Amino acid sequence: MPLPHETFYTKKDYYNLPENVRAELIDGQIHYMATPGRLHQKILMEIAGTIRDYIKSNNGVCEVYPAPFVVELSDVHDEMNHIVEPDISVICDSKKLTDRGCMGAPDWIIEIVSPSNPKHDYITKLALYERAGVREYWIVDLMQKRILVYLFELDAVVNIYTFNDIIKSGIYEDLLIDFSSLGL
């Protein structure tokens, strides 16, 4: 009996999906995404707004993009292309930005854990973002009320915080996000 054949999807397949379908392409597989809930969207807007306000008030060159926003990543280890939609992407190199999205690793990615598939953010995307060259990765877990901060430039140092903490960004000298003030 032959082994089941696993379909391998490409960037072309991804971009041919219907416009109203939210999905990501990782390791040749399409991962469909559920519609986020109200609390997910609230925290996304609060964090993205805090970062945007900081950048603007400091005349920064970085740009912040909330999902849905396409990020194409190349894996330096296997030359595979991946397409993801991080909840928040901060890009400091404007040459990576196109009308389609970001072509290359953002400097900072924040994912808000989906209750339907937490391992996607904790395992799959963690490994992908580190391999692709993302400098800083935050995992915000609403169920656990904690934030994991990975600083890949410091050999993947991870710090664990709660929703009562003030967290300093690794890519900015003085950007602090006070999670206790976000009303969660």
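Expressed as a fraction of 2.2 N^0.38 Å, the value expected for a compact globular protein of N residues, the C-alpha radius of gyration of the chain is 1.04. Each of C92 and D174 was given a label point 7 Å from its Cα along the Cα-to-Cβ line. The distance between the two points is 1.7 nm.
Stretching the chain fully between T7 and N81 yields a gain of 25.1 nm (0.36 nm per residue, less the alpha carbon separation). Helical content alone sets the calculated 222 nm signal of the chain at -5500 deg cm²/dmol, taking -39,500 (n - 2.57) per DSSP H segment of four or more residues and averaging over every residue. When cysteine pairs in the chain are screened for C-beta atoms closer than 4.7 angstrom, the residues that find no partner are C102. Hey, rough spin-label estimate for A34 and R146, points 7 angstrom out along Cα→Cβ, what's it come to in nanometres? It is 2.1 nm. For an R0 of 25 angstrom, estimate the FRET efficiency from the Cβ-Cβ distance between N58 and N164 and round to the nearest 0.05. For N58 and N164, the calculated efficiency is 0.45. In percent, rounded to a whole number, the relative contact order of region 11-182 is 15, using alpha-carbon pairs under 8 Å and six or more apart. Computed over neighbours whose Cβ is under 12 Å from that of L151, the net charge equals -3, Lys and Arg +1, Asp and Glu -1.
Just so you know, all these numbers are worked out from the coordinates, no wet-lab data involved. Predicted, not measured: the structure shown is a model, and the values here were computed from it. Cβ sites come from the backbone with ideal geometry, for glycine too, and all protein chains shown count toward neighbours.
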